[in-house]
1. Helix B:200-211: angle to the longest alpha-carbon principal axis of chain B, degrees 0 to 90, nearest 10?
2. About the Cα centre, and with charges only on the beta carbon of Lys, Arg (+1) and Asp, Glu (-1), how big is the dipole of chain A? Nearest 20 debye, please.
3. Between segment B:32-52 and segment B:217-295, how many Å separate their Cα centres?
4. Counting pairs of alpha carbon atoms under 8 Å apart in space and at least six apart in sequence, what relative contact order in percent does chain B give?
5. Which one of A:A209, A:H246, A:S268 is farthest out on the positive end of the charge dipole of segment A:119-284, using unit charges on Cβ (Lys, Arg +1; Asp, Glu -1) and the Cα centre as origin?
6. If each of B:R267 and B:I182 carries a label point 7 Å out from its Cα toward its Cβ, how far apart are those two points in nm?
7. Given label points at 7 Å from Cα along Cα→Cβ, what nm distances, shortest first, separate B:L30 from the same residue in every other copy?
8. Taking each residue of B:68-74 in turn, how many C-beta atoms of other protein chains fall within 10 Å of its C-beta, and what is the average?
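The values are calculated or read from the model by the stated rules, or taken from the named source; none is laboratory data. Model, not experiment: these values are computed from the prediction. Cβ: placed from backbone, ideal geometry, glycine included. Neighbour counts: every protein chain shown. Note: accessible area is taken over every heavy atom of the protein model, side chains too, but ligands, DNA and RNA are not part of it. Shrake-Rupley method; radii C 1.70, N 1.55, O 1.52, S 1.80 Å.
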2 protein chains.
Amino acid sequence: MPQRDPLREQIIAQYDAMSPQLQQAARYVLEHPDEVALVSMRELARHAAVQPATMTRLAKFLGKQGYDDIREHYVAALRRGSDGFAAKVRQRNEGARASANGNIAAHMLHGLSAQITRLCEPDSLQRLEAIANTLKSARKVYVLGLRSCHSVAWHFHYVMSLLGDRSVHLDGPAGTGGDALIRATPEDALLVVSVKPYAVATLELTQLAKDKGLTILSITDSEVSPLVGMSKQTIFCPTESDSFFHTLTPALAISEVLCTLLAEDDRSQALDALQRADEHFLSLNTYASAIPRRE
Amino acid sequence: MPQRDPLREQIIAQYDAMSPQLQQAARYVLEHPDEVALVSMRELARHAAVQPATMTRLAKFLGKQGYDDIREHYVAALRRGSDGFAAKVRQRNEGARASANGNIAAHMLHGLSAQITRLCEPDSLQRLEAIANTLKSARKVYVLGLRSCHSVAWHFHYVMSLLGDRSVHLDGPAGTGGDALIRATPEDALLVVSVKPYAVATLELTQLAKDKGLTILSITDSEVSPLVGMSKQTIFCPTESDSFFHTLTPALAISEVLCTLLAEDDRSQALDALQRADEHFLSLNTYASAIPRRE
DNA sequence: ACACAAATGATTCAAATGTTGCAACCACAA
DNA sequence: TTGTGGTTGCAACATTTGAATCATTTGTGT
């Protein structure tokens, strides 16, 4: 929204002077300006995981007389945006720059967006669910992804490690990455991520795991990927982009969806685990400020 | 507004069957759909010069259970018009949670897709290009991203390392991650990735780099992120998802776009570098088969 | 003209909203 | 340790909201 918004700027300017709770409220307002106009204050507070009173206090802090002043502002902004022609101009800009101008960035982003949308096809969803179900029942989940796929593998492992200790990342210095498989059993699963060109080491480790009786699940890029034959279940991620490189964004999206499905399987336990993680990080002073969780 | 609006059409269809007062209410609703979402029923009735009860009766007449059904409809329409993504995320929270797993995945993927689409706004594109330009002229590019942001930072570094030796990843075992900054100079740039909650170590290292005169560029999640004040240029990535966790998919998309912009800046050199990398990997037998590159 | 049903207006009610005051709770200095 | 100033959660408050109820008016058919 390139439109000048004095209240927004005021909030940003005074943000650093706010107390933690006020910051949390302010942040939510900044990120969801429309909500301010569309829902009640109490509901807004609920979404922002803040006491209703905090919203009032935020208003006072900003020098307003009450919360309604804030809402009035965003209602006015929304009125202007919806029936005014600002929206139309904006849309035209988007369309024009995306297609005509040959803008590389916009073009690429649109492509990525489309690729992720395509993952919503029934076949993909089914595969996602199937993999998630298998992962649920595994004793340990080993995660393998080398080279470009390291980012996906690691992210999956990182999130899973917040939820429990079932995840083991097959990576390490000095070529010790596969060592963790020493203690692997047939009750375990291996989630392997690899896209073309397929790293030899990935395939070898996967074969080893398969020989040890692990259930192999894979995120890969093609029906003819060497992983398909080794895996019990596979989910395909598009990797084509209009740059020199293939993209891993859809693969990352897939891994995030898998994490979510696993967490959603037992909400309360997931919440507990996250709670514990929060406390741990808090006592370690890992993060700059308290970690707020929604709901 | 070329969008199909079933409720609007229903009102029009049943308009002739309404009593005069109902017609007056309905007419006002038709002509001021935004007001329905933005003001209370009583105020709407006042503007329409109708009794409050009439609005309730209009709702019942249309087969709805109450006036809130009507308001919900127009709120949703307004959300879609101004900010397509928030609606999708919110829908799940409000809608019955009874839906099966398939829906969670599909829903989440749609949300991610929308978030990436949103990065095509002119403001974001401008920021992307600005950061890419700064990166181009840097002597070295240090890349920093800890914890959840490691995946993004590493992926950026990995791709950049295929293109040349300007990229230095600030990470390493035994807490030596920041050591590479020892040789940093003011001609260098630091690309730092961090989203809430912001890792203290990231902020400290960034501050150190800034003190050493490096140009700070950041990928972060909010206007009020602590990185904003430290950075010369910033690009914002949405991180909200309808799961417990933040999503990093948009951040990864951003980093891939940056890589592409950098590579595209000098196509021939990029192709050369990739060619050389291919030969290297070939001689090392890193990949399972010859590495095909398009174009 | 009358009767009668539909439509309208006024009144009332329970639930919610935004606000306020108070008490507990920190972090931190004396 | 004990204050102390600021922050936060809680509960009570007066208002307002949307809906339900009842009385009145209106229009219509015989």
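1. So the helix axis and the longest Cα principal axis differ by about 60 degrees.
2. Value, rounded to 20: 520 debye.
3. Comparing the Cα centres of segment B:32-52 and segment B:217-295, I get a distance of 50 Å.
4. That works out to 14 percent.
5. A:A209
6. Result: 4.2 nm between the two label points.
7. Computed spacing set for this position: 4.4 nm.
8. 0
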